[in-house]
Amino acid sequence: MKKNDQDDDLKYFQQAMKDVKPLVIKNKNIKAIFKKSPRVREIISIDVETDLEDITIKNITSDEKLFFVHSGGGLQHNLLQKLKQGKIKITRSLDLHGMVVDKARQAVSHFIEQSRIQHHRYILIIHGKGKSSQDTPVLKNHVNHWLMQIPSVLAFCSAVPKDGGTGAVYVVLKKLPL
């Protein structure tokens, strides 16, 4: 390649990139997986001991609603609306009441892994409102934090009152490749 061709390529590249803003990651503990192709191996199982970290957990109140959508998850707005309204058929649920944090972490990880293997996409996790907690609901805060770290979780939001309200979350999982 000639020097002029390289200079032209650089100019074209700089022109194409002039409006691009850098990606800012506020929490350095967030792990991101970038896929170049749909054929790239997908992580299904989560190592409970190392992957679900409890660093920098946000203090959420018992009445605060949770909502999270994984960027690039490709979920349609209509599906998210139905999820928020409790109009998605939940096929599996997990109740964490009475569990200590370590046991709950293992239960959540195992539950999500088994749900995916059994092809359940819409699940419910009941974490409770933490009314017996001193300050903020312990399990609710941990579940919120853990679910954001799991690559197979596309979205989650607080349930409607009939399913537990702010004491539970609906979770949308990635489809497991056939």
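In the stretch 150-161, the count of residues that are under 19 Å from Thr61 (Cα atoms), exposed (fewer than 13 other Cβ atoms within 10 Å of the Cβ) and among the small types (Gly, Ala, Ser) is zero. Filtering the stretch 64-73 for residues that are more than 17 Å from His127 (Cβ to Cβ), modelled with pLDDT under 95 and part of a strand (DSSP E or B) leaves a non-empty set. One residue is enough: does the stretch 134-151 have a residue meeting the conditions at pLDDT 95 or above and in a loop (DSSP other than H, G, I, E, B)? The answer is no; no qualifying residue exists. Pairing residues of the stretch 153-165 that are closer than 24 Å to Leu176 by Cα and aromatic (Phe, Trp, Tyr) with residues that are in a strand (DSSP E or B) and modelled with pLDDT under 95, at Cβ distances under 6 Å and at least 6 apart in sequence or on separate chains, gives Phe156/Phe68. Within the stretch 114-128, the set of residues being out of contact with any strand residue (DSSP E or B) (no Cβ under 7 Å at 6 or more places or on another chain) and either of a type in the set (Gly, Ala, Ser) or crowded, with 18+ Cβ neighbours inside 10 Å (or both) comprises Gly128 only. Reported count of residues in the stretch 95-109, each being surrounded by fewer than 17 Cβ atoms within 10 Å (Cβ to Cβ), within 17 Å of the chain's Cα centre (by Cα) and either free of Cβ contacts under 8 Å to residues at least 40 places away in the same chain or closer than 14 Å to Lys175 by Cβ (or both), is 1.
Which pairs do you get when a residue that is within 8 Å of Ala155 (Cα to Cα), found in the stretch 65-80, comes within reach of a residue that is assigned to a helix (DSSP H, G or I), reach meaning Cβ atoms under 6 angstrom, with the pair 6+ apart or on two chains? Once the first residue is within 8 Å of Ala155 (Cα to Cα) and sits in the stretch 65-80, its partners that are assigned to a helix (DSSP H, G or I) give Phe68/Met148. When we screen Gln76, Gln81, Gln85 for residues that are exposed (fewer than 10 other Cβ atoms within 10 Å of the Cβ) and either at pLDDT below 90 or over 24 Å from Gln118 (Cβ atoms) (or both), the only hit is Gln76.
Among the numbered conditions (1) over 17 Å from Lys89 (Cα atoms); (2) touching a residue at least 60 places away in the same chain (Cβ under 8 Å), the only one that Gln114 does not meet is (2). With the structure loaded, tell me whether Gln6 is modelled with pLDDT under 75, surrounded by 10 or more Cβ atoms within 10 Å (Cβ to Cβ) and either outside any loop (DSSP other than H, G, I, E, B) or in contact with a strand residue (DSSP E or B) (Cβ under 7 Å, 6 or more places away or on another chain) (or both) or whether it fails that test. Criteria met by Gln6. Among the criteria (1) out of contact with any Ser or Thr (no Cβ under 7 Å at 6 or more places or on another chain); (2) modelled with pLDDT under 95, the one Ala159 does not fulfil is (2). Do we find a residue being among the hydrophobic types (A, V, I, L, M, F, W, C) and within 16 Å of the chain's Cα centre (by Cα) anywhere in the stretch 81-93? Within the stretch 81-93, one or more residues are among the hydrophobic types (A, V, I, L, M, F, W, C) and within 16 Å of the chain's Cα centre (by Cα).
The values are calculated or read from the model by the stated rules, or taken from the named source; none is laboratory data. Keep in mind the model is a prediction, meaning the values are calculated, not measured. Cβ sites come from the backbone with ideal geometry, for glycine too, and all protein chains shown count toward neighbours.
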